[in-house]
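**Q** Below: one structure in structure tokens.
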Amino acid sequence: MKTINHLPHHIVSKIAAGEVVDRPASAIKELVENSLDAGATYIQIILEQGGLKKIVVKDDGKGMSKEDLEICFLPHTTSKITTEKDLDTIQSFGFRGEALSSIAAVSHMTIKSRKTDAEHGYMVELIPFQEPTLSSAGIPVGTEIEIKDLFSTIPARKKFVKDSRTELRHIVDAITTIALSFPRVGFILEHDGNVIVNVPKEQNLQERIHALLGDDIGMQMMPITHESQYGRLNGFIGKPQLAGSSRAHQYLFVNNRSITHLPISRTVTESFGSLIEPRTHAVFVVSLELPYESVDVNVHPRKEEVAFAYPKNILELCEEAVVTTLKNNNITYKKISSDFMKERGMDGSTADMLKDMVTPWNLKPENMQEISQLHNLYLVAPTADGILLVDQHAAHERILFEQFKEAFRNSHATGAVFELPESLLINLPASDSIILDEHAETLQKLGFDISLFGVNTFKLCAVPDVFKDRNYKELISEFINDMREGRNSGSKLDRTTERTLAFMACRTAVKAGDPLAPDERKRLLEKLLACPAGYTCPHGRPTHIEVSMNELDKMFKRK
Ligand code: ADP
Ligand code: MG
């Protein structure tokens, strides 16, 4: 039976053209979505070298007939829409008929498939610039697609693809996202022989969240559900204490399709009001079910964004949903003014301006006795020709960063090590676990005794003494977020080490709000003076500002 049709030209031109496959993760996403469209209940993904060498996606979906197999890899062949009108009410992931043809064009692809009622299956092998070959194949019901040497035919694309770890991270993110929107479908993801994701069939969303995002998130989610005339919202939101510095754990689905939507993401976070810290983001896994005709999924080549017919009403729905959920959970709610977001934004311009300021300051020994502390935040001292203002946290951060770097170069830990009385197991989301694994060696050199213990689980046995008695789980999770955001400190060590050191410096430095004794203030300034790159903190903020007498005189119109 033939179910795949050629799309007429006028529909083809209606479909936004664009890049479908830009890296292994997007190829895998297309394949897995095809499996879901085919009604699969279990999907296996097996990878080598971040998917660049080999990708295999196996499903137990309805399969393809011989006739369908013969044309499925041609451009604009799809079984999912037939008329122009279908474009307005798309329920499947696919509809453009572009994925298989795009991937086939840049790889060596083999498609095996067997229909539910067929005696045996067929396979077609597609090698670039060669005629496709079709033959019978003994496989179970379903489809198995193998892609070898992705992008090998286009060196230019290959250059944009990062190392296999980075690609793996994108793949894990993509699979985590898809697996969250289909809790009833089982997934297994293997990379170079290691199981990275393994979730069984028939889970409910709560079990799925726990399995994919780890204990910490899994145990602190609240169910959320709300309905208005514009649609229905369902899922889970994290308790306020889960909010973190990254949006990595925000999952939004619209009619089962994963999208990113900044206004919704902001609305959810803002609806927590003062319950969560400025510059942190709520954690959520939320699905919106909207009438198909009120969402346009055809605005983005990889379908990662959608356009809503009633955007304001959708935001209202989200806000009401969060507010109601917080109330239901007896979490006191306080609404914050609309200036809230403005306050959250960091103004980087001052930092940039001061970065290049390299006038040496001249602190006389007698001035050292006169350092005062302002609002437990700034140190103020007279200099030979003006006043000096120092940001105590930024300054200390820089001093420690230089110390840690020095220690690291001489390859010993940054000081004493504190052995935890009881080792701590930390269970993480798969994508976090990859980031931590990437940095584990550096952390070990710095005095952390941390190692992979099981699938996505690490064992922490010791920390550098400076971190003694901290909340270690929180520390590690902040560390992962910093590494993910790629905060850079601009020194010459490799990026991993440098960022790790900057993180350590930041988390061990005196904070804004810490009172300092007079001799501590003095030591801080002396050390900052001796610091080779003392003008900014490792993240580029200024550590100090000097105002000369000349400038003061001008301000007071003495000159
Ligand atoms: P689209 O998904 O937009 O229709 P694709 O190029 O991804 O386009 O796939 C082309 C066609 O191949 C699909 O419409 C479907 O009929 C068939 N197909 C692809 N993958 C599978 C699969 N895993 N199981 C069954 N059929 C598939
Ligand atoms: Mg498809």
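**Q** Looking at segment 37-87, which of the residues that are of a type in the set (Gly, Ala, Ser) and on the phi > 0 side of the Ramachandran plot is farthest from ligand 1 (Cβ to nearest atom)?
**A** GLY50
**Q** Turning to a different aspect of this structure: Quick check on segment 69-82: of everything there that is more than 13 Å from ligand 2 (Cβ to nearest atom) and not in a loop (DSSP other than H, G, I, E, B), which residue is farthest from SER258 (Cα to Cα)?
**A** The qualifying residue farthest from SER258 (Cα to Cα) is GLU70.
**Q** Can you work out which of the residues in segment 83-97 that are open to solvent by less than 70 Å² (accessible area, probe 1.4 Å) and more than 10 Å from ligand 2 (Cβ to nearest atom) is nearest to GLU304 (Cα to Cα)?
**A** The qualifying residue nearest to GLU304 (Cα to Cα) is ILE90.
**Q** Would you please name the residue that is nearest to MET1 (Cα to Cα), looking only at residues in segment 128-142 that are of a type in the set (A, V, I, L, M) and either within 16 Å of ligand 2 (Cβ to nearest atom) or surrounded by 15 or more Cβ atoms within 10 Å (Cβ to Cβ) (or both)?
**A** Here is the first cut: in segment 128-142, the residues of a type in the set (A, V, I, L, M) are 134, 137, 139, 141.
Those still in the list that are either within 16 Å of ligand 2 (Cβ to nearest atom) or surrounded by 15 or more Cβ atoms within 10 Å (Cβ to Cβ) (or both) too: 137, 139, 141.
Details: ALA137: 18, ILE139: 19, VAL141: 16 Å.
Step by step, filter segment 128-142, then rank; the result is VAL141.
**Q** Okay, next question. Evaluate the following for GLU319: is it surrounded by 14 or more Cβ atoms within 10 Å (Cβ to Cβ) and either at pLDDT 85 or above or more than 30 Å from ARG96 (Cβ to Cβ) (or both)?
**A** Against the criterion (surrounded by 14 or more Cβ atoms within 10 Å (Cβ to Cβ) and either at pLDDT 85 or above or more than 30 Å from ARG96 (Cβ to Cβ) (or both)), GLU319 qualifies.
**Q** Let me ask something else. List every residue pair whose Cβ atoms lie under 7 Å apart, where the two residues are 6 or more positions apart in sequence or sit on different chains, the first residue falls within segment 31-46 and is touching a residue at least 60 places away in the same chain (Cβ under 8 Å) and under 16 Å from PRO140 (Cα atoms), and the second residue, located anywhere, is near ligand 2 (Cβ under 10 Å from one of its atoms) and of a type in the set (Ser, Thr, Tyr).
**A** ILE43/SER35
**Q** Still on this model: If you go through segment 421-474 one residue at a time, how many are assigned to a loop (DSSP other than H, G, I, E, B) and more than 23 Å from the chain's Cα centre (by Cα)?
**A** Of the residues in segment 421-474, 6 are assigned to a loop (DSSP other than H, G, I, E, B) and more than 23 Å from the chain's Cα centre (by Cα).
**Q** Next up: When residues of segment 26-36 are filtered for being of a type in the set (Ser, Thr, Tyr) and near ligand 1 (Cβ under 6 Å from one of its atoms), how many remain? Step through it out loud before you land on a result.
**A** Of the residues in segment 26-36, the ones of a type in the set (Ser, Thr, Tyr) are 26, 35.
From the residues that got through so far, the ones that are near ligand 1 (Cβ under 6 Å from one of its atoms) too are 35.
Total meeting the criteria: 1.
**Q** So how many residues does segment 19-50 have that are in a loop (DSSP other than H, G, I, E, B) and either within 16 Å of ligand 2 (Cβ to nearest atom) or in contact with a Cys (Cβ under 6 Å, 6 or more places away or on another chain) (or both)?
**A** 7
**Q** Tally the residues that are in a helix (DSSP H, G or I), over 24 Å from the mean Cα position of the chain (by Cα) and more than 14 Å from ASN255 (Cβ to Cβ), restricting the search to segment 280-316.
**A** So the answer is 4.
**Q** Could we say that PRO128 is touching a strand residue (DSSP E or B) at 6+ places or on another chain (Cβ under 8 Å), over 21 Å from HIS300 (Cα atoms) and within 16 Å of ligand 1 (Cβ to nearest atom) here? Talk me through it step by step, then tell me what you get.
**A** Values: touching a strand residue (DSSP E or B) at 6+ places or on another chain (Cβ under 8 Å): yes; over 21 Å from HIS300 (Cα atoms): yes; within 16 Å of ligand 1 (Cβ to nearest atom): no.
Considered against the rule, which asks whether it is touching a strand residue (DSSP E or B) at 6+ places or on another chain (Cβ under 8 Å), over 21 Å from HIS300 (Cα atoms) and within 16 Å of ligand 1 (Cβ to nearest atom), PRO128 comes out as no.
**Q** What's the total number of residues in segment 98-125 that are closer than 30 Å to ILE259 by Cβ, more than 12 Å from ligand 1 (Cβ to nearest atom) and surrounded by fewer than 20 Cβ atoms within 10 Å (Cβ to Cβ)?
**A** Let us first name the residues in segment 98-125 that are closer than 30 Å to ILE259 by Cβ, namely 98-107, 109, 111, 113.
Imposing the further condition that a residue be more than 12 Å from ligand 1 (Cβ to nearest atom) reduces the set to 106-107.
The next check asks that each one be surrounded by fewer than 20 Cβ atoms within 10 Å (Cβ to Cβ); those that pass are 106.
Total satisfying the criteria: 1.
**Q** Out of all the residues in segment 106-123, which are among the hydrophobic types (A, V, I, L, M, F, W, C) and more than 15 Å from ligand 2 (Cβ to nearest atom)?
**A** Just the residues of segment 106-123 that are among the hydrophobic types (A, V, I, L, M, F, W, C), to begin with: 106, 109, 111, 118, 123.
Residues satisfying the conditions are VAL106, ALA118, MET123.
**Q** Can you name the condition, by its number, that LYS53 falls short on among (1) within 28 Å of the chain's Cα centre (by Cα); (2) at pLDDT 95 or above; (3) more than 16 Å from ligand 2 (Cβ to nearest atom); (4) charged (D, E, K, R)?
**A** Of the numbered conditions (1) within 28 Å of the chain's Cα centre (by Cα); (2) at pLDDT 95 or above; (3) more than 16 Å from ligand 2 (Cβ to nearest atom); (4) charged (D, E, K, R), the odd one out for LYS53 is (2).
**Q** Among (1) surrounded by fewer than 16 Cβ atoms within 10 Å (Cβ to Cβ); (2) at pLDDT below 50, which single condition is GLU293 missing?
**A** (2)
**Q** So for segment 341-357 (the condition being open to solvent by less than 70 Å² (accessible area, probe 1.4 Å), more than 23 Å from GLY231 (Cβ to Cβ) and at pLDDT 50 or above), does at least one residue qualify?
**A** no
**Q** Which of (1) surrounded by fewer than 18 Cβ atoms within 10 Å (Cβ to Cβ); (2) at pLDDT 95 or above does GLY235 not meet, given it meets every other one?
**A** (1)
**Q** Taking ASN204 and the conditions (1) polar (S, T, N, Q); (2) open to solvent by 20 Å² or more (accessible area, probe 1.4 Å); (3) within 24 Å of ASN481 (Cα to Cα), which numbered condition does it fall short on, given that it satisfies the others?
**A** That leaves (3) as the condition not met.
**Q** Hey, among the residues in segment 269-279 that are over 13 Å from LYS239 (Cβ atoms) and outside any helix (DSSP H, G or I), which one's least open to solvent (accessible area, probe 1.4 Å)?
**A** SER271
**Q** When residues of segment 512-542 are filtered for being under 20 Å from GLN369 (Cα atoms) and not hydrophobic (A, V, I, L, M, F, W, C), how many remain?
**A** Residues flagged as under 20 Å from GLN369 (Cα atoms) and not hydrophobic (A, V, I, L, M, F, W, C) within segment 512-542 amount to 10.
**Q** In segment 449-474, how many are of a type in the set (A, V, I, L, M, F, W, C) and open to solvent by 10 Å² or more (accessible area, probe 1.4 Å)?
**A** The number of residues fulfilling the criteria is 5.
The values are calculated or read from the model by the stated rules, or taken from the named source; none is laboratory data. All of these numbers come straight from a predicted model, not from anything done at the bench. Virtual Cβ from ideal backbone geometry, glycine too; neighbours counted across all protein chains shown. Ligands, DNA and RNA are stripped out before the accessible areas are found, and what is left, the full protein with its side chains, is counted by its heavy atoms. Shrake-Rupley method; radii C 1.70, N 1.55, O 1.52, S 1.80 Å.
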